[in-house]
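In what follows, a single structure is set out as structure tokens and then discussed.
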Amino acid sequence: MSQDMDIVDHLDELRKRIIIIASVFIIAFIAVFIYIQDIYAWITKDLDMQLAVLGPLDIIVIYFSIAAVLAIAVTLPVAVLQIWLFSKPGLTKAEVRATAVYIPASFLLFIGGLAFGYFVVLPIVLNFLLALGEGTFQTMFTADRYFQFVLRMTVPFSFLFEMPLVVMFLTSIGILTPMGMHKNRKYAYFGIVVVSVLLSPPDFLSDVLVIIPLILLYEISISLSKIVYKRRLKRLQQEEKEIE
């Protein structure tokens, strides 16, 4: 009976956390949507042309896409916090202290990935692709195609930049080890190349611009995994001594 009550309590707690996350997302989405035209103007301010739409529904789809991405960015730290609070009762004091840093770090890495994609990768790839058609094609973008391109060049980096954090967390709970990551480096590199080719536009420069930072992130993740792994071993040794 008590076990059934524990399950019900856990499900109730999980429902509460999901409601908080969903509520923050909806509020953030509405807040962003109020200023969506100003945000749209800022995103397109560097374009030398006016974007075209092929139908009235394209406008609302574009506005919704922009609002959704920004709402996710705002909601992410809240979501990580809620997941942490849900998991906190099952963590030791040392694990609580160690994992608390993941909350602000997840937000900073997400924003860092978004900024890297928008300010570094996007202009280089866009200028390169435009230069290919200069003097040969009349360039005209539809708003739908342009924002698909922008999202493709920015959003994946936001999630991929979370790699070091995910690796640190998985190392802290014993799923990953730096030795395993080092041993399987060639397979990881192959996976990075495949993911980069799928994410980036079909040209060599775009592939390189995505592959290089992901490889660097993987190497940084190995270094961070070593630090977390050593701390975990030290903590386990201390716990064993306390038990003895």
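The values are calculated or read from the model by the stated rules, or taken from the named source; none is laboratory data. Just so we're clear, the structure is a prediction, and the values are computed from it rather than from any experiment. Neighbour counts run over all protein chains shown; Cβ positions are idealised from the backbone, glycine included. All accessible areas refer to the heavy atoms of the entire protein, side chains included, with ligands and DNA or RNA removed. Shrake-Rupley method; radii C 1.70, N 1.55, O 1.52, S 1.80 Å.
Accessible surface calculations at 1.4 Å, restricted to protein heavy atoms, place the chain at 63 Å² per residue. Once all protein chains are placed together, F128 keeps about 70 Å² accessible to a 1.4 angstrom probe.
Under a model in which nothing but the beta-carbon of Lys, Arg (+1) and Asp, Glu (-1) is charged, the stretch 116-244 shows a dipole of about 480 debye around its Cα centre. What's the angle, to the nearest 10 degrees (0 to 90), between helix 163-172's Cα axis and the longest principal axis of the chain? Approximately 10 degrees, to the nearest ten.
Within the accessible area of the chain, what % is carbon and sulfur when the probe is 1.4 Å and the other protein chains stay in place? List each step's numbers first, then the result.
On the way: 10640 of 15380 Å².
Carbon with sulfur: 69 percent of the solvent-accessible area.
On the basis of the beta-carbon distance and an R0 of 30 Å, I227 and K93 show a calculated FRET efficiency of 0.95. The per residue volume of the convex hull around the alpha-carbon atoms of the chain is 157 Å³. Compared with the dominant Cα axis of the chain, that is its longest principal axis, helix 143-160 is turned about 20°. Once backbone amide H atoms are built at 1.01 Å from N, T142 has A52 as its partners under 5 Å, excluding neighbours fewer than 5 places away on the same chain.
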